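The values are calculated or read from the model by the stated rules, or taken from the named source; none is laboratory data. What you are looking at is a predicted structure, and each value in this text was computed from that prediction instead of being measured. Positions of Cβ are generated from backbone atoms using ideal geometry, with glycine treated the same way; all protein chains shown enter the neighbour counts. Protein only, heavy atoms only, side chains kept; ligands, DNA and RNA dropped before computing areas. Shrake-Rupley method; radii C 1.70, N 1.55, O 1.52, S 1.80 Å.
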Amino acid sequence: MNTKQEKMEAFGRLLDIMDDLREKCPWDKKQTFETLRHLTLEETYELSDALLTEDLQEIKKELGDVLLHLVFYSKIGSEKNSFDIADVINALNDKLIFRHPHIYGDTIAEDEETVKQNWEKLKLKEGNKSILSGVPKSMPSLIKAYRIQVKVKGIGFEFDSADDAWLKVEEELGEFHAETELDKKEKELGDVFFSLINYARISGLNPDTALEKTNHKFISRFQKMEDLAREKNLVLADLNLTEMDQLWEEAKTFEI
């Protein structure tokens, strides 16, 4: 692994390259906060894919792409005489020290849960008017629900156990099945999803990770179905559900 000095030199080299690109590259010169935004989201999702597969080389590559965007935004900020990368890092350093009084102060926190609760309380002291003010509006709904629940848990708004949370899932399922009006049924379905996410979280499961793994599994199986259909000179769209289900079961046998 690299020494701290080597790490600092590598970061300095990146800053120099960013300066060059911003000055000399026609594409880089035109970029703004707004034009980079969708690219940043794309890079973040690519990093997420690499993390799920635990492909270390791909993780390294995608981390570099994300880091480039952080440096790029900071460069634009400096051009606006608003902030530069040092301001970004120093603000982060100050926040980390403030939110870890059990490390840099006299507060005692011997377990993870106490650290999380202190974290949310300290955020309110920083000026946040609501526990939920830090949840991004544009965050995907499933992840947003999870983050909302984590944040309110920080002040004790939480079921006592996973069993209690499951009772809420069953209650919401009952209300969903009982509703007949489409718009109201949609609201009840949202309640079912929210309560199921809550149950998963309390049980120690990440629902977004679980669903994404199922997405990957379904894609793999379905594409194997397509391969099997081609090998048998069949067209999936021409098969009935029973015939497709037979291919589905056959595709499952190829999974490790």
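Descriptive notes on the structure:
- Filter result for L36 (of a type outside the set (F, W, Y), touching a Phe, Trp or Tyr at 6+ places or on another chain (Cβ under 8 Å) and closer than 30 Å to H216 by Cα): yes
- Boolean, D49 is in a helix (DSSP H, G or I) and touching a residue at least 24 places away in the same chain (Cβ under 8 Å): no
- Just one of the numbered conditions (1) part of a helix (DSSP H, G or I); (2) open to solvent by less than 80 Å² (accessible area, probe 1.4 Å); (3) under 30 Å from E126 (Cα atoms) is not true of A109: (1).
- Which numbered condition S74 misses (of (1) under 23 Å from H216 (Cα atoms); (2) free of Cβ contacts under 8 Å to residues at least 24 places away in the same chain): (1)
- For first residues located in region 88-115 and on the phi < 0 side of the Ramachandran plot, partners that are acidic (D, E) and open to solvent by 60 Å² or more (accessible area, probe 1.4 Å) and lie 6+ apart or on another chain with Cβ distances below 6 Å do not occur.
- Against the list (1) assigned to a helix (DSSP H, G or I); (2) open to solvent by 50 Å² or more (accessible area, probe 1.4 Å); (3) not basic (K, R), the condition M225 fails is (2).
- Counting only residues that are closer than 18 Å to K61 by Cβ and either loosely packed, with under 12 Cβ neighbours inside 10 Å or charged (D, E, K, R) (or both), region 9-31 holds 2 of them.
- Answer from F72, F83 - the residue that is assigned to a helix (DSSP H, G or I) and of a type in the set (F, W, Y): F72
- In region 89-99, the residues that are over 23 Å from the mean Cα position of the chain (by Cα) and at pLDDT below 90: F98
- Flag if D55 is surrounded by 12 or more Cβ atoms within 10 Å (Cβ to Cβ), closer than 19 Å to H216 by Cα and free of Cβ contacts under 8 Å to residues at least 24 places away in the same chain: yes
- Annotation note: of E6, E34, E62, the sole residue that is surrounded by 11 or more Cβ atoms within 10 Å (Cβ to Cβ) and part of a helix (DSSP H, G or I) is E62.
- Residue list for region 194-221, filter: open to solvent by 50 Å² or more (accessible area, probe 1.4 Å), assigned to a helix (DSSP H, G or I), under 17 Å from S141 (Cβ atoms) and touching a residue at least 60 places away in the same chain (Cβ under 8 Å): D208, L211, E212
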